[in-house]
1. Return the total of residues in region B:125-180 being within 17 Å of the chain's Cα centre (by Cα) and under 27 Å from B:ASN98 (Cβ atoms).
2. Hey, does region B:9-22 have a residue that's closer than 18 Å to A:GLU24 by Cβ and either modelled with pLDDT of 65 or more or at the interface with chain A (Cβ under 7 Å from one of its Cβ atoms) (or both)?
3. Only one of these is at pLDDT below 85 and either surrounded by 15 or more Cβ atoms within 10 Å (Cβ to Cβ) or at the interface with another protein chain (Cβ under 8 Å from one of its Cβ atoms) (or both): A:THR68, A:THR83, A:THR77. Name it.
4. Quick one: in region A:129-167, which of the residues that are of a type in the set (Asp, Glu) and in a helix (DSSP H, G or I) is nearest to the other protein chains (Cβ to nearest Cβ)?
5. What residue, of B:LYS234, B:LYS183, B:LYS224, is of a type in the set (D, E, K, R) and part of a loop (DSSP other than H, G, I, E, B)?
6. Looking at (1) more than 9 Å from chain B (Cβ to nearest Cβ); (2) modelled with pLDDT of 85 or more, which is the one condition that is false for A:ILE60?
7. For the subset of region B:175-199 comprising residues that are without any contact (Cβ under 8 Å) to a residue 40 or more places away in the chain, within 14 Å of chain A (Cβ to nearest Cβ) and among the acidic types (Asp, Glu), which member is surrounded by the fewest Cβ atoms within 10 Å (Cβ to Cβ)?
8. Could you check B:PRO202 against (1) modelled with pLDDT under 85; (2) facing another protein chain (nearest Cβ under 10 Å); (3) closer than 30 Å to A:GLU140 by Cβ and say which number it fails?
Amino acid sequence: MRGVNVISEFDYLKHLSDGHPKNEIIQHIAEKYGNDLWNYAFSIVGKPEIADDILQDVFIKILEKLQTFRGGSSMKTWLLSITRNTAYNSRSKWLIRKTFSIDKWSDQHSYPSAETEAIEQIEMNNAWKIVMKLPVKYREVLVLFVHHDMSQKEIAQTIGVPEGTIKSRLHYARLKFSKHYYRGVE
Amino acid sequence: MTDYRMDIERGLKQSLVNNARLQKIVRRIDFDRHNKLATRLPVKKIHLVAAAIIIVGFIPFGISFNPPVTNTLSRSISETITPTEVLPLVFSIDVNGNYTGFSNLPKNYTVEEAKKDGYIVEQDSVVIANNEVWASFVETAAQGNNTAVRMVSFLTEDNSSPFFRDLFFSDGYYSLFDSSSDKQDMQRYSHLVTLEGQFGNPLKNTQIVVLTDDNALSFNVVLKTLITSNMDYKQSVSPYRLVWFNESEK
């Protein structure tokens, strides 16, 4: 993502929005960015099926907002910003699901955490498992930096906080990650 | 000992979703509806004109709010209320049917300021101040009188600004607007329904407050729409708008 060609992405979106059917536009975007958007949504909400819902909403918002993208940021940053807003805006729903599962309650009388449920449903490696245990503000920046290969400046732009805050969060995210990591290794 | 940094770099590169799952999400979208929208939307500036609908609700308990600039056609019931006791929250809708009440939101707004202003303050989805304003709103609306309430929600884990929700009861209908929403169009509902039941923790009561036109909506039906991913089920339920989801000790 660092050094991405913004002009070509703008032209790409312009081309897509020029008379193509909506399903073709979303099909293109899903193929090119779907993985990244889903992973980002999941890193915020911690539940696969809610990440599905968020991505569906994001695709619909993209259809509605195609004309508002003007190339001021990279297209991926723009899409990630929409994903982030959608994920946080739907938090009242996912907090409910994060905290409870009515089916699991009636079956097991237990309160599985979002991370535990996610681990059960999605095959994750050790790094993802540890990251999903971190508070969302730390795991979010770590995922954007490592998985999405974004610069600190781009992360600051996406999240809407100063670059210094991103630097600080990345530092603490790594610190917290290392504590979990070595606890597991030892 | 393995270096954790290498594990981060390698491990987090893994994608957790496969193409089949993404395709399933794309297939859930109702493209027929969205294809009806113009592919290229005309770019035009929207001017607020004097014909905008301005209705004024009020917040009891001396809430301070700076109303947006109104116009000569606006009418205000705040004239009948002593300004030192009650300042108006303006129900302002522009010619395109969009709420304009969030156009002058305060910047760097804090929890303490929100408390002082008398708004209902939420911190991480828990009401922490001015809960009594809600009871007053419900009572006033139930009597058929125009009223309004502002709710401010802060998220600890997010440093960005809080979001605001303005709920109006005006001329017999409820409308809710959310500053974090992309759309500010007015949806009117006939009923404010409070549903109570038990969900999850057996030691707590759950209360769900929704706006709806269907006052027969049940606790279980609303709950199911909140937790299911089944779009067919969601679409089969009468439209509603979630206002609160609260838990309290039994």
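The values are calculated or read from the model by the stated rules, or taken from the named source; none is laboratory data. These numbers were taken from a predicted model, which means no experiment stands behind them. FYI the Cβ positions are ideal-geometry reconstructions off the backbone, even for glycines, and counts take in every protein chain you see.
1. The total comes to 32.
2. The answer is yes, given that some residue of region B:9-22 is closer than 18 Å to A:GLU24 by Cβ and either modelled with pLDDT of 65 or more or at the interface with chain A (Cβ under 7 Å from one of its Cβ atoms) (or both).
3. Matching residue, one of A:THR68, A:THR83, A:THR77: A:THR77.
4. Of everything passing the filter in region A:129-167, A:GLU140 is nearest to the other protein chains (Cβ to nearest Cβ).
5. Exactly one of B:LYS234, B:LYS183, B:LYS224 is of a type in the set (D, E, K, R) and part of a loop (DSSP other than H, G, I, E, B), namely B:LYS183.
6. Condition not satisfied by A:ILE60: (1).
7. Among those residues, the one meeting the criterion is B:ASP182.
8. Among (1) modelled with pLDDT under 85; (2) facing another protein chain (nearest Cβ under 10 Å); (3) closer than 30 Å to A:GLU140 by Cβ, B:PRO202 violates only (3).
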